[in-house]
Amino acid sequence: MTIKLRTLLFMAALFLLAACKTQTTETQTISVTEFEDKLKAAWIGQMVGVGWAAPTEFKWIGDLIPEDKIPAWETETINQFGQDDMYVEMTFMESLEKYGIDVSIRQAGIDFANSQYGLACANDLSRENLRRGIAPPASSHPRFSTACEDIDYQIEADFSGIIAPGMPQVPIALGEKFGRVMNYGDGMYAGQFVGAMYSAAYFETDMRKVVEKGLESIPDSSLYAVCMRDVIAWYDENPVDWKDTWQKIVDKYYNTLDNQPFHKITPKAWVGIDAKLNGAFIVLGLLYGQGNIESTFYISACAGFDSDCNPSNALGILFTSMGLSKIPEKYHSGLDNTIKFSYTNYTFPELIEVSKKLTMEFLTKNGGKIITGDDQQQYLSIPVKAAVPSKLERSWMPEPLDEASIYFTEKEMEQIHFLPSSAFDEILSVFAPKWVINGATTEVKPKLITFNSRENVLQMAYIADGNCSIRHELIVPDTKSPKLAVSVANDPAKAWKMNISLNWKPVYTINVADSLTNSGWYDVVYDISEYRGKKLFITINGSSADGENSKVYLHNLSIK
C-alpha cells in the first residue's frame with residue numbers, strides 16, 4: 001500500500017470519526033428521586049399559587065392589588081381540589097392515560113365535550129362548539145370563536161411540561177393536540193410557552209434562562225413572543241422597580257388596542273383575559289421574584305387581572321426548579337392525600353403516579369431511557385433536542401379551515417353525551433332571557449313546567465355526579481344594592497344542594513329540602529353590591545344532597 005493511499009485512508013477514517021461524533025446525541029440526566037421531588041413540587045406550586053390568591057381574581061382590572069388585600073397563607077389553603085385551574089388540565093391527563101400518548105386531537109375534543117364542570121371564555125366557547133358538532137381544531141378557529149386568544153390553555157398547560165422534563169418538544173406537541181381544542185395563534189402559543197418553562201425548570205434554577213427556554217418553543221415573530229421579550233427588555237432596563245415594568249405592560253397591552261390586533265377587530269373579545277397580557281405577569285413575577293417564593297407570588301398576583309391563575313403558573317414553575325425537599329413545609333404540610341380533585345379520578349398521590357407513568361412513556365418515545373449510575377441510583381437519561389416551534393399563525397388573519405374535517409362524524413357525535421346550551425334558547429327566552437343552561441345531557445333535558453302552583457318553572461335534573469347549571473354574564477347595574485334573586489323548590493322528601501358561584505368562586509350553598517321549603521318555595525336573595533359596575537359571571541348549579549338523583553326547580557330568577 002502506497003504512502004499516498006494510506007494517507008487517504010487515514011484522512012477518511014478521521015472524517016468518519018468526526019461525523020460519528022457530530023451525530024452523537026447529547027443527553028442530560030436527572031435522578032429518579034430528584035425527578036419525583038420536582039414533579040410533586042410542580043403540582044404543589046400550582047395549588048399554592050391559585051389558592052393563595054383566589055379571593056382576588058379579576059377584582060382589580062388595570063390597577064395593582066394592595067398586598068394587604070391578599071389573605072395570609074394558611075396551611076389548609078393547599079387543598080385546592082375544587083379549583084378549575086387544577087382539574088380542567090386533568091381531563092387531558094385522563095385522555096392520555098385512557099387512549100395513550102398518541103391520542104388524536106378529535107378524541108381529545110370528544111373528552112372535553114363530555115366534561116361536566118363549569119367553564120368560561122375560550123374553554124366555554126370551544127366546548128359549546130364541540131357539543132354542536134364542530135371538531136377540533138375548528139372548535140378554536142377565529143371563524144367559530146371570539147375568545148381564541150384568551151388565557152385558557154395558558155392556565156391548563158402546566159401538565160404538558162410537568163410530564164416532560166427536559167423535553168420541550170412534548171409541550172409543543174401537546175399544545176397542538178389539547179391547546180388547539182380551545183385556543184388559536186397566540187392563545188395556543190401561551191400554553192406551549194408555559195409548558196416549555198416547566199420542562200426547562202427541571203434542569204435550571206435561573207428564572208431568566210427558564211423564560212428564554214420557553215421562548216425557544218414558540219414562533220419568534222408571534223405577538224406573544226414579542227410581548228414576553230418586551231417584559232425582559234423592561235426588566236433589563238430597570239431590574240429593581242417591578243411596578244414600573246407592570247405599568248409599561250398595562251399601557252402597551254391593555255390601555256390601548258394598538259398592540260392587540262385580534263381584540264381590535266373582534267368587539268366581543270375582552271382584552272383583560274388576553275393570554276399575552278396575563279402571560280406577561282407570569283414573567284414579571286419570575287424575573288423580579290429572583291427565585292424567592294413570596295416575591296414571585298406577590299408580584300404576579302398583585303399585577304391583578306387573572307390574579308390567581310398567573311401566580312399559579314409562576315409558582316408551579318419556580319417550585320419545579322426548587323424541588324419539594326427545598327420548599328418550606330408550611331406550603332405543603334396541610335395537604336390532604338385522600339381527597340379527589342373534582343371531576344377526576346385522582347387524589348394527589350394518584351395524580352403523581354399517573355404523571356410519572358406518562359413521563360416514562362414520553363421519555364421512551366423521545367429516545368430516552370432509565371439508566372443506573374455509578375452511585376447505583378436510577379436516572380432518567382434524556383436526549384437533548386432543540387425545540388421546533390409550531391408554524392406561525394395570526395388570529396386576526398387566520399388560515400382557512402379544511403372544510404371536509406370541520407364537523408364530527410355521526411359516529412363521533414354518538415360519543416358526546418351533552419347538549420349545547422343553544423338547545424335551550426327557546427326555554428330561556430321565557431324563563432330568564434340572556435341566561436345559559438350548561439351541562440344538560442342528551443338523556444335528561446331541562447324543561448318548563450307548572451309546579452307548586454307556579455307557571456314557567458324551570459325543572460332541571462341532577463344525577464348524583466352531574467353538574468347541570470344555569471349561568472349569566474353581565475355588567476352589574478351601578479345601583480344602590482343590586483341583588484341576585486331566585487326561588488327554589490324540591491320534590492317532597494327529596495333534597496338537593498344549590499350552589500351560587502360568582503366569577504367561578506363558590507359564595508353560597510344551601511340544602512333545598514322539606515325543612516327549608518315546607519313543600520313550597522324558598523326565596524334566595526344574594527347581595528352582589530361589591531360587583532357594581534363590574535363584569536360578573538354568575539353560575540347557579542346543584543348537586544345531590546344525599547347521593548341520590550334529584551330534580552331541581554327554579555322560579556323568578558332575576559337581578560334586582
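The values are calculated or read from the model by the stated rules, or taken from the named source; none is laboratory data. Just so you know, these numbers come straight off a predicted model, no measurement behind them. With ideal geometry, Cβ positions are generated from the backbone for all residues, glycine too; neighbour counts draw on all protein chains shown.
Counting only residues that are within 23 Å of the chain's Cα centre (by Cα) and either modelled with pLDDT of 95 or more or assigned to a helix (DSSP H, G or I) (or both), segment 249-294 holds 27 of them. On the stretch given as segment 516-560, residues that are of a type in the set (Gly, Ala, Ser) and surrounded by fewer than 16 Cβ atoms within 10 Å (Cβ to Cβ) total 6. When Asp102, Asp68 are screened for being of a type outside the set (Ser, Thr, Tyr), modelled with pLDDT under 95 and either surrounded by fewer than 24 Cβ atoms within 10 Å (Cβ to Cβ) or in contact with a helix residue (DSSP H, G or I) (Cβ under 7 Å, 6 or more places away or on another chain) (or both), only Asp68 passes.
Please verify whether Glu393 is part of a loop (DSSP other than H, G, I, E, B), among the acidic types (Asp, Glu) and over 30 Å from Ile78 (Cβ atoms), treating the condition exactly as stated.
When the stated conditions are applied, Glu393 passes them.
Matching residues to (1) farther than 24 Å from Lys40 by Cβ; (2) of a type in the set (A, V, I, L, M, F, W, C); (3) in contact with a Cys (Cβ under 9 Å, 6 or more places away or on another chain):
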{"site": "Leu130", "(1), (2), (3)": "yes, yes, no"}
{"site": "Phe144", "(1), (2), (3)": "yes, yes, no"}
{"site": "Glu149", "(1), (2), (3)": "yes, no, no"}
{"site": "Asp152", "(1), (2), (3)": "yes, no, yes"}
{"site": "Ala157", "(1), (2), (3)": "no, yes, no"}
{"site": "Ser160", "(1), (2), (3)": "no, no, no"}
{"site": "Pro165", "(1), (2), (3)": "no, no, no"}
{"site": "Ile172", "(1), (2), (3)": "yes, yes, no"}
{"site": "Glu176", "(1), (2), (3)": "yes, no, no"}
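For segment 428-440, filtering for residues that are in contact with a strand residue (DSSP E or B) (Cβ under 8 Å, 6 or more places away or on another chain) and farther than 16 Å from Leu119 by Cα leaves 5.
Conditions tested, residue by residue: (1) surrounded by 14 or more Cβ atoms within 10 Å (Cβ to Cβ); (2) on the phi < 0 side of the Ramachandran plot.
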residue	(1), (2)
Phe408	yes, yes
Glu414	no, yes
Ser421	yes, yes
Gly439	yes, no
Pro446	yes, yes
Glu473	yes, yes
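If I filter segment 342-379 down to residues being without any contact (Cβ under 8 Å) to a residue 24 or more places away in the chain and assigned to a helix (DSSP H, G or I), which single residue comes out as surrounded by the most Cβ atoms within 10 Å (Cβ to Cβ)? Step by step, filter segment 342-379, then rank; the result is Met360.
Count of segment 510-536 residues, restricted to those that are touching a residue at least 60 places away in the same chain (Cβ under 8 Å) and assigned to a strand (DSSP E or B), is 2. Only one of the numbered conditions (1) part of a loop (DSSP other than H, G, I, E, B); (2) under 26 Å from His332 (Cα atoms); (3) without any contact (Cβ under 8 Å) to a residue 24 or more places away in the chain is not met by Gln80, and that is (3). For the residues Ser221, Ser199, the requirement of being among the polar types (S, T, N, Q) and not in a helix (DSSP H, G or I) singles out Ser221. Scanning segment 491-514 for residues that are over 26 Å from Ala120 (Cα atoms) and of a type in the set (A, V, I, L, M), we see that the one that is surrounded by the fewest Cβ atoms within 10 Å (Cβ to Cβ) is Ala493.
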